[in-house]
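Where a number appears in this text, it was derived from the coordinates with a stated rule and is not lab data. Nothing here was measured: the structure is a model prediction, and the numbers come from that model. Neighbour counts are summed over all protein chains in view; Cβ atoms, including those assigned to glycine, are modelled from backbone coordinates with ideal geometry.
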Amino acid sequence: MRHTANRVVPYITAREGEAGDLLAALRASFGGDGRSRLGYWDETPEDRGPRGELWGRCSQDLGTDRLPQGRPRWRMVHPARQRETMMKLLCQVCVGPTKVGKAHLFLESSQRLPSDKPVLTAQPPICPAHAPAAVEQCPHLRNGHTALLVHSAPLHGVIGTPYQWSASGLQTLPGDDEPLPYTSPMLRWFLASQLVRTIRDYTVVDLDDLPSS
């Protein structure tokens, strides 16, 4: 977490100068089951997520304290830092713990919070200390938010870009921001950029009632 122009810059926010790999870094490869899938020419185990999905590479501009530095690219999320905080349920602002009692604190826009089904979210949790700043500064929370103490949030899938292999080579397909579930056969040819969880068991709370530290 850093500050710029009196604004808190979340850990997951992308910074100017951080860039993703080119299409030429990708290729058609084969998994352990012998089936073709998307891969990197110089792939390492760290390139794969919890369900074997391939993740988009992006450079990181980190200071000596291992925190991101540089001018923030507001509204842009760094894939590796989003994946890290969502996977470990760490604060998306300061990478600290997000537990309140036995639950994790999440913030969701009131406009997109359904009342009759689980919530799919790509927004990592947040600690009580940074929740007020997030409500004040984040565009999708500013017009109404709901604080949730989440008891169960299993992994659902990923957001990213679909690809296909044809006689003309590897091609990028049109995509959207809809989460692709881990059960989808398209996952083999998908380049992930954000991890998604399903918020199932939660309690709505008031931020003013939570401890700040």
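At a glance:
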read-out: Loop chymotrypsin sites (Phe, Trp or Tyr not before Pro), the stretch 26-95, which have at most 15 other Cβ atoms in a 10 Å radius of their Cβ (DSSP); value: W41
read-out: When the stretch 1-112 is reduced to its Cα atoms, the Kirkwood hydrodynamic radius in Å; value: 16.2 Å
read-out: Total charge dipole magnitude, the chain, about the Cα centre, Cβ charges on Lys, Arg, Asp, Glu only, Debye to nearest 20; value: 140 debye
read-out: Cubic angstrom per residue, convex hull over Cα atoms of the stretch 34-165; value: 168 Å³
read-out: Neighbour net charge for R73 - beta-carbon separation under 12 angstrom, K R +1, D E -1; value: 0
read-out: Distance between the stretch 139-213 and the stretch 1-80 - C-alpha centres, whole angstrom; value: 15 Å
read-out: When the stretch 65-128 is reduced to its Cα atoms, the Kirkwood hydrodynamic radius in Å; value: 13.2 Å
read-out: Size of electric dipole in the stretch 1-65: Cβ of Lys, Arg +1 and of Asp, Glu -1, about Cα centre, debye, nearest 20; value: 240 debye
read-out: Ascending count of other beta-carbon atoms within 10 Å, so fewest first, for R142, R188; value: R142, R188
read-out: For the chain, with +1 on Lys and Arg beta carbons and -1 on Asp and Glu, the positive-most of G70, L155, W41 along the dipole; value: W41
read-out: Electrostatic dipole magnitude of the stretch 1-122 [Cβ: Lys, Arg +1; Asp, Glu -1; Cα centre; debye, to 20]; value: 400 debye
read-out: Degrees separating the helix 79-88 axis from the principal Cα axis of the chain, which is the longest one; value: 60 degrees
read-out: Where the Cα pairs of the stretch 114-213 fall when distances are cut into 5 Å bins, in %; value: 2, 10, 18, 18, 17, 12, 9, 6, 4, 2, 1, 0
